[in-house]
Amino acid sequence: MAIKLIDAPLLQKAFLAGAKSIELKKDYINELNVFPVPDGDTGTNMTLTIMSAAKEVNNIDNPTIVNIAKAISSGSLRGARGNSGVILSQLFRGFTREIMDKDAVDVPALAKALERAVETAYKAVMKPKEGTILTVAKAGAAKAEEIAGKTDDIICFCEEVLKAMQEMLERTPEMLPVLKEAGVVDSGGQGLVTVLNGAFEVLSGRKSDFKFELSTPVNTAPVQKVDSSNISTADIKFGYCTEFIIMLEKEYNMDTEKQFKAYLESIGDSLVVVSDDEIVKVHVHTNDPGLAIQKALTYGSLTSMKIDNMREEHHERVIQDAEKKAKEQADGKKETKEASGQEQPRKEAGFISVSAGDGLSEVFRGLGVDYLIEGGQTMNPSTEDMLNAIAKVNADTIYILPNNKNIILAANQARDLTEDKKVIVIPSKTIPQGIAAIINFVYDKIPEENAKAMEEAMGNVKSGQVTYAVRDTSIDGKTIKQGNIMGIDDSRIAAVGESIKDTAKELIESMLEEDSELVSLYYGEEVKEEEANELAEELMEAHSDIEVEVLYGGQPIYYYVVSVE
């Protein structure tokens with residue numbers, strides 16, 4: 001079957017088929033992660049990213065190239081999780097920008113869209129690494145440019161492009177030795193090929209009876225909430241928390257945005273307006289949501305609308321918190337709380353940190369973090385989770401601590417979408433780095449000086465993690481069997497064994513240097529305090545000049561998070 005044009009209904013169906021394809025194969029893609037850790041999440045991150053867009057695309061009743069392109073771009077941008085998800089969202093962003101003005105898409109338009117997709121994605125990554133999803137995408141764009149003038153048959157064109165991408169995917173182990181040692185191809189590249197193969201099945205007619213059902217939950221890493229029972233409803237000046245997204249259909253520039261913000265400020269407060277070329281995300285507290293909605297409709301259609309009665313929620317929260325307090329007191333537990341969503345006094349600096357585990361969250365809270373996002377190793381927060389957190393922190397400059405290398409790109413994307421606050425992403429890759437960074441913040445310094453000092457502080461701490469292997473593999477010169485305990489430092493798997501304590505001890509020994517003074521052990525939810533204390537005592541007996549502190553982290557999956565200073 002030969003086709004020369006992709007119209008809007010076919011584009012909609014193909015995109016949804018691509019989304020469904022990766023959803024069905026996400027576990028397989030997760031297993032391709034080089035480190036055999038239980039949080040190998042490339043497939044999950046890419047699935048949640050594309051499903052955020054699929055939800056919007058699926059809701060379009062009268063598809064046009066324009067409204068489908070906007071839904072794909074905005075949905076994936078806000079739902080992007082992890083490095084692979086952010087890169088996928090940028091590929092979609094570039095692709096859809098190129099086809100936005102088309103009534104239908106032909107071969108030359110597809111070739112240009114693929115080229116623009118790759119350009120956009122490469123720009124989003126500070127230090128692009130070859131042998132990854134970027135390389136696979138680039139191979140497809142290069143083949144598209146080569147054959148665009150030789151055929152007008154979209155099916156033949158797509159077959160050649162997909163073949164080139166698959167061949168490049170199979171070559172990724174030759175480009176990254178760590179992939180070759182582990183015996184896997186790049187997981188992000190596999191995810192991209194999986195999406196495109198699913199879309200191609202619909203384009204080629206192999207899956208003509210395709211039906212899409214949204215089964216993957218979107219936004220599954222909730223931002224923590226806390227009670228505000230000490231606040232009277234009389235103190236809530238504007239009673240309705242109003243949020244929506246404008247799908248832009250008319251001109252919207254800096255002057256337009258300034259006028260829009262001025263109007264919203266005249267009818268409410270707690271205003272956050274962030275925008276890109278296709279969408280505007282709005283958050284405002286007002287007593288008349290209808291006025292905000294009517295004004296927004298003058299710029300385009302609305303989606304993701306949410307209106308909450310804060311006074312009513314306040315009463316419900318008071319009751320819920322009272323019940324929670326009673327239960328916690330009965331259990332002898334201390335209730336941990338997060339910063340309220342109510343407006344706080346404006347301050348110069350605010351902090352957002354990603355954390356997993358109530359103990360680690362308590363540490364960050366004690367260091368002055370204003371807002372904690374649940375996530376980290378087991379579930380990477382999305383760009384929209386970051387934007388929601390930024391909206392809650394009332395500060396001129398907000399510092400974000402991702403505390404995971406796979407969350408930094410999402411944080412950067414949220415920073416770029418924020419216009420009314422200065423957002424600085426401190427690229428902390430581990431919990432210990434995040435702790436070291438915030439400890440070295442000084443209120444008297446300007447933001448740029450603080451950012452530099454915080455990043456320098458991260459370089460003075462070594463990080464380690466102890467977890468278990470989910471599959472057999474060979475990496476970093478070590479043969480690993482499923483179920484083995486692994487000690488992972490900042491760059492490699494440093495220890496493998498059968499015992500949690502012995503493996504942790506071997507890891508820490510490998511991290512110690514002559515000038516090391518302090519070891520911090522954050523024990524996870526599956527480790528008892530006495531076990532952590534026993535490990536600490538053995539370390540201090542072996543190294544009389546080293547102080548070892550034991551702290552409850554409560555993190556899942558990782559038996560210990562370790563820092564050495």
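Hey, among the residues in region 416-437 that are under 21 Å from the mean Cα position of the chain (by Cα) and among the aliphatic types (A, V, I, L, M), which one's farthest from E348 (Cα to Cα)? Going through the qualifying residues, I end up with I431. Scanning region 262-275 for residues that are surrounded by 11 or more Cβ atoms within 10 Å (Cβ to Cβ) and either closer than 24 Å to I68 by Cβ or modelled with pLDDT of 85 or more (or both) yields Y263, L264, E265, I267, G268, V274, S275. Looking only at residues of region 350-366 that are over 18 Å from P427 (Cα atoms) and small (G, A, S), we find that the one that is farthest from the chain's Cα centre (by Cα) is G366.
In region 393-481, counting only strands (runs of 3 or more DSSP E) that sit wholly within it, the ones holding 1 or more residues that are modelled with pLDDT under 90 and either crowded, with 20+ Cβ neighbours inside 10 Å or not basic (K, R) (or both) span 473-475, 478-480. Only one of the numbered conditions (1) crowded, with 21+ Cβ neighbours inside 10 Å; (2) over 30 Å from V354 (Cβ atoms) is violated by T64, and that is (1). Scanning region 143-175 for residues that are buried (at least 19 other Cβ atoms within 10 Å of the Cβ) and in a loop (DSSP other than H, G, I, E, B) turns up just one, A148. Restricting to region 401-440, name every residue that is farther than 18 Å from A80 by Cα and touching a Gly at 6+ places or on another chain (Cβ under 8 Å). Correct list: I426, S428, I431, I438. Could you go through region 360-369 and let me know if any residue there is β-branched (V, I, T) and either at pLDDT below 90 or within 23 Å of A453 (Cα to Cα) (or both). Looking through region 360-369, at least one residue is β-branched (V, I, T) and either at pLDDT below 90 or within 23 Å of A453 (Cα to Cα) (or both). Listed by first and then second residue, the pairs linking a residue in region 444-455 that is over 16 Å from K421 (Cα atoms) and in the same structural domain as Y399 (by TED's automatic domain parsing) to a residue that is of a type in the set (S, T, N, Q) and part of a loop (DSSP other than H, G, I, E, B), with Cβ atoms under 6 Å apart and 6 or more places separating them unless they lie on different chains, are A453/N440; M454/N440.
Take the conditions basic (K, R) and either in contact with a Cys (Cβ under 6 Å, 6 or more places away or on another chain) or surrounded by fewer than 20 Cβ atoms within 10 Å (Cβ to Cβ) (or both) and apply them to K123. Does it pass? Let's see the steps before the verdict.
Numbers: basic (K, R): yes; either in contact with a Cys (Cβ under 6 Å, 6 or more places away or on another chain) or surrounded by fewer than 20 Cβ atoms within 10 Å (Cβ to Cβ) (or both): yes.
Considered against the rule, which asks whether it is basic (K, R) and either in contact with a Cys (Cβ under 6 Å, 6 or more places away or on another chain) or surrounded by fewer than 20 Cβ atoms within 10 Å (Cβ to Cβ) (or both), K123 comes out as yes.
If a residue has to be of a type in the set (A, V, I, L, M) and either over 9 Å from V107 (Cβ atoms) or free of Cβ contacts under 8 Å to residues at least 24 places away in the same chain (or both) to count, how many in region 148-162 make the cut? Residues meeting the conditions: 3. Looking only at residues of region 532-552 that are assigned to a strand (DSSP E or B) and of a type in the set (A, V, I, L, M, F, W, C), we find that the one that is surrounded by the fewest Cβ atoms within 10 Å (Cβ to Cβ) is L551.
The values are calculated or read from the model by the stated rules, or taken from the named source; none is laboratory data. All figures in this text were calculated on a predicted structure; none of them were measured in a lab. Counting neighbours? That spans all protein chains shown, and the Cβs are built from the backbone with ideal geometry, glycine included.
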